[in-house]
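Colleague: Have a look at this one before I ask anything.
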Amino acid sequence: MSGKAGNRVNPRVVLRRWYGEGPLHLLLLAATFALAGYAGVRLLGGDTFAIVVWFIGSALLHDLVLLPLYASADLVLRRALGPRTRLVNYVRVPTFLSGLLLLMWWPLITRHAVRYEPYSGLSLDVFLGNWLLITGLLFAGSALLLVIRAARLRRRDTRGRPSASH
Amino acid sequence: MGDRRFGKGSPFSLPDSATGRGPAFTGRLPSAPGFWRSPVRGVRFTAVLGLILLAGLTLLFVTGLLSYAAYNPDLAPVNDKTPGKGLLGFYLFAWPTGPHWLYRLTQGLHVTVGIALVPVLLAKLWSVIPKLFVLPPVRSAGHALERVSLLLLVGGALFEFITGLLNIQLEYVFPGSFYPLHFYGAWVFFAAFLAHTGLKLPRAVRVLRGGRLEGSAPGEADELAAPDPALPTISRRGALAMTGGGSLLLLITSAGRSFDGPLRQVALLTPHGAAEPGPGPNGFQINKTAAAVGVTAADAGRDWRLTVSGPAGKIRLSREQLLAMDQHSAALPIACVEGWATSDQWWRGVRLRDLAALAGYPDRPPGVLVESVQRSGAFRKAALRDNQVRDPRALLALQVNGENLSLDHGYPARIIVPAAPGVLNTKWVTRLTFEAL
């Protein structure tokens, strides 16, 4: 745009200069905040402070604690295995799956969910055992897969050798 | 997954390759371009996860809204845990009584698909984490607004998943009643989800049309791909398979909670999974035992009477008198808002419409307010709509699977209505008031 007087002002250009995005962007976000505001005042109608802490806190806890924690664990694993990078996934995958179950069912597995037994008439004791069983099966399956693949590789190597000596 | 530089030694130690590339501190911060090094990240990886979540979270939102409608909240205040909903209840409708497995299906999907989507959500958030630290944090007014909406999106999604997962484990540590938190929280999340879908879906589709998952998209700047990637330890396909493996494992260990018998035994790690509370005809799943809500054998003993009221006045009936009325059967499940269900049980008792006739509504009965002996609890009173009272399968059940009800299943008498959420199938019923609700 030239700044000369008399030039017609293009509203799209003005919006982009002041807002940084197109009109659709503004429209979508306006709709979002209108709806989120309408629901939000109702959401916060109870214990406002605690609900804000839970809502915002869950995002912060994930981004600044959980994710760095499992990324660091992954780093430690890769460090521990050193140059044997092929082994990483045989540990990474069962650890991820087992950890995921532990994270999601923490109250059941740690017997924290004290209402469960009196309400449902079911035992809480089974969950720790079942989690350990599933974890054991995952690692056993992973180890089995590793052994099979290693054996297959070795067979391919030994079969390859005589032909190479010809 | 391959963020090699992340947390090297201590999280703030200097990555080797960053030395001599300008001020030392910039390379060790998560805002540095070289900080996030996993070769798995990239717009295509994120787009695949985004499209799965678009379908999955839409399903969760819709089935969640259906669950609210299934309570018939606009019928009577006792059914509505979010009376201040205003326009958010715009879609409410009379919940039907057929097919009889309707709520078992919709709520089973809501909870089971929700459980299975957790790894997808976590992977999606992992895939975009570098953008959280991007510099400058705010480029323009539009960018600032979008970032606030992303806080609602991520906070909302996590809030919904966390409250849901805690609620089905009966771990009520969240700040307030589950119903308003999960319902209004869902709307806040959905508002941000709409904008995010509108802004990102075209790009996701374009990027995925472009071909292979591995590598970067030609002609597109891939702002999620690491500029200085570490040696790959897993392919993008492999990372997706690992995420999908998590979903599959969660499905296997939880989906069986919607069925009796061997399928439930497979559901090893989920509430109401793995085991039945007891043997025999009354051995199917219990939401709340009599002891948990303070109902004793004395409450349900000889002195128990059912009071039926309507235009014909108040009629008091003993269990023997109820058993002397026409008995009818219906094969119906118990389907809980917590996502578990039983298979069809064979209930036997008096039709609600026969009791309505007794109360003075010989034809076209209205709704009914049902009250329990139970002294406390959110649903000790519940209202049923006229279509539920009129359904021939809607019973005041006295027996199940050929035996008298056990105390835990509502002896002396309980409501069982096809397709209704479990909490509306009131146990230990003591009063039925037929009236236009």
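The values are calculated or read from the model by the stated rules, or taken from the named source; none is laboratory data. Here the structure is a predicted model, which means the values were calculated and not measured. Counting neighbours? That spans all protein chains shown, and the Cβs are built from the backbone with ideal geometry, glycine included.
Colleague: Checking B:Leu57 against (1) outside any helix (DSSP H, G or I); (2) touching a residue at least 40 places away in the same chain (Cβ under 8 Å); (3) crowded, with 21+ Cβ neighbours inside 10 Å: exactly one of these is not met. Which one?
Modeller: Of everything listed in (1) outside any helix (DSSP H, G or I); (2) touching a residue at least 40 places away in the same chain (Cβ under 8 Å); (3) crowded, with 21+ Cβ neighbours inside 10 Å, B:Leu57 misses just condition (1).
Colleague: Which count do you get for residues in region B:171-196 that are in a helix (DSSP H, G or I) and either closer than 14 Å to B:Leu153 by Cα or within 9 Å of chain A (Cβ to nearest Cβ) (or both)?
Modeller: Of the residues in region B:171-196, the ones in a helix (DSSP H, G or I) are B:178-196.
Restricting the remaining residues to those that are either closer than 14 Å to B:Leu153 by Cα or within 9 Å of chain A (Cβ to nearest Cβ) (or both) gives B:180-181, B:183-196.
Qualifying residue count, region B:171-196: 16.
Colleague: Specify which of the listed residues (B:Leu151, B:Leu105) is surrounded by fewer than 18 Cβ atoms within 10 Å (Cβ to Cβ), away from chain A (no Cβ under 13 Å) and not β-branched (Val, Ile, Thr). Working first, answer last.
Modeller: On the way: B:Leu151 fails: away from chain A (no Cβ under 13 Å).
Unique residue meeting the criteria: B:Leu105.
Colleague: I need the full set of residues from region B:108-134 which are aromatic (Phe, Trp, Tyr) and either on the phi > 0 side of the Ramachandran plot or crowded, with 19+ Cβ neighbours inside 10 Å (or both), in order please. Reasoning before the result, please.
Modeller: So the first thing to find is which residues in region B:108-134 are aromatic (Phe, Trp, Tyr), and the list is B:126, B:133.
B:Trp126 - this is the single residue of region B:108-134 that is aromatic (Phe, Trp, Tyr) and either on the phi > 0 side of the Ramachandran plot or crowded, with 19+ Cβ neighbours inside 10 Å (or both).
Colleague: Might you let me know whether region B:200-221 holds any residue that is within 14 Å of another protein chain (Cβ to nearest Cβ), of a type in the set (A, V, I, L, M) and outside any helix (DSSP H, G or I)?
Modeller: Filtering region B:200-221 down to residues within 14 Å of another protein chain (Cβ to nearest Cβ) leaves B:200-203.
Okay, now just the ones that are also of a type in the set (A, V, I, L, M), so B:201.
Restricting the remaining residues to those that are outside any helix (DSSP H, G or I) gives none.
So far as region B:200-221 goes, no, none of its residues is within 14 Å of another protein chain (Cβ to nearest Cβ), of a type in the set (A, V, I, L, M) and outside any helix (DSSP H, G or I).
Colleague: Could you say which residue among A:Arg17, A:Arg42, A:Arg8, A:Arg12 is without any contact (Cβ under 8 Å) to a residue 12 or more places away in the chain and assigned to a loop (DSSP other than H, G, I, E, B)?
Modeller: Numbers: A:Arg17 fails: assigned to a loop (DSSP other than H, G, I, E, B); A:Arg42 fails: assigned to a loop (DSSP other than H, G, I, E, B); A:Arg12 fails: assigned to a loop (DSSP other than H, G, I, E, B).
Answer to the selection: A:Arg8.
Colleague: Looking at B:Gly301, B:Gly294, can you tell me which residue is among the small types (Gly, Ala, Ser), free of Cβ contacts under 8 Å to residues at least 40 places away in the same chain and surrounded by fewer than 16 Cβ atoms within 10 Å (Cβ to Cβ)? If you could, list the steps in order and put the result at the bottom.
Modeller: Values: B:Gly294 fails: free of Cβ contacts under 8 Å to residues at least 40 places away in the same chain.
One residue alone meets the criteria, B:Gly301.
Colleague: Which numbered condition in (1) more than 31 Å from the chain's Cα centre (by Cα); (2) in contact (Cβ under 8 Å) with a residue 24 or more places away in the chain is the only one that B:Ala357 fails?
Modeller: The single condition B:Ala357 does not satisfy is (2).
Colleague: Sort out which residues of region A:5-42 are hydrophobic (A, V, I, L, M, F, W, C) and surrounded by 13 or more Cβ atoms within 10 Å (Cβ to Cβ), and write them in order of number. It would help to see each step written out before you state the result.
Modeller: In the first step, residues of region A:5-42 are kept if they are hydrophobic (A, V, I, L, M, F, W, C); the result is A:5, A:9, A:13-15, A:18, A:24, A:26-31, A:33-36, A:39, A:41.
Once the filter is applied, which keeps residues that are hydrophobic (A, V, I, L, M, F, W, C) and surrounded by 13 or more Cβ atoms within 10 Å (Cβ to Cβ), region A:5-42 yields A:Leu15, A:Leu26, A:Leu28, A:Leu29, A:Ala31, A:Phe33, A:Leu35, A:Ala36, A:Ala39, A:Val41.
A quick yes/no check of all residues on (1) under 30 Å from B:Leu355 (Cβ atoms); (2) in contact with a helix residue (DSSP H, G or I) (Cβ under 8 Å, 6 or more places away or on another chain):
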position	(1), (2)
B:Thr243	no, yes
B:Arg257	no, yes
B:Gly261	no, no
B:Gly301	yes, no
B:Pro311	yes, no
B:Arg319	yes, no
B:Met325	yes, yes
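Colleague: Checking the conditions here, which among B:Ala298, B:Ala312 is at pLDDT below 95, of a type in the set (A, V, I, L, M, F, W, C), in the same structural domain as B:Glu403 (by TED's automatic domain parsing) and more than 24 Å from B:Pro421 (Cβ to Cβ)?
Modeller: Among B:Ala298, B:Ala312, only B:Ala298 is at pLDDT below 95, of a type in the set (A, V, I, L, M, F, W, C), in the same structural domain as B:Glu403 (by TED's automatic domain parsing) and more than 24 Å from B:Pro421 (Cβ to Cβ).
Colleague: Is it the case that region A:47-55 has a residue that's surrounded by 16 or more Cβ atoms within 10 Å (Cβ to Cβ), out of contact with any Gly (no Cβ under 8 Å at 6 or more places or on another chain) and modelled with pLDDT of 95 or more? Show your work before the answer.
Modeller: Going through region A:47-55, the residues surrounded by 16 or more Cβ atoms within 10 Å (Cβ to Cβ) turn out to be A:51, A:54-55.
Imposing the further condition that a residue be out of contact with any Gly (no Cβ under 8 Å at 6 or more places or on another chain) reduces the set to A:54.
Filter once more, keeping what is modelled with pLDDT of 95 or more: A:54.
Yes, region A:47-55 has at least one match.
Colleague: (1) at pLDDT below 95; (2) in the same structural domain as B:Met242 (by TED's automatic domain parsing): which one isn't true of B:Met1, the others all being true?
Modeller: (2)
Colleague: Looking only at region B:224-277, count how many residues are assigned by TED's automatic domain parsing to the domain that holds B:Arg203, in a loop (DSSP other than H, G, I, E, B) and among the aliphatic types (A, V, I, L, M).
Modeller: Number satisfying all stated conditions: 6.
Colleague: Something else now. Could you count how many residues in region A:87-120 are within 9 Å of chain B (Cβ to nearest Cβ), surrounded by fewer than 20 Cβ atoms within 10 Å (Cβ to Cβ) and not in a helix (DSSP H, G or I)?
Modeller: Selection size over region A:87-120: 3.
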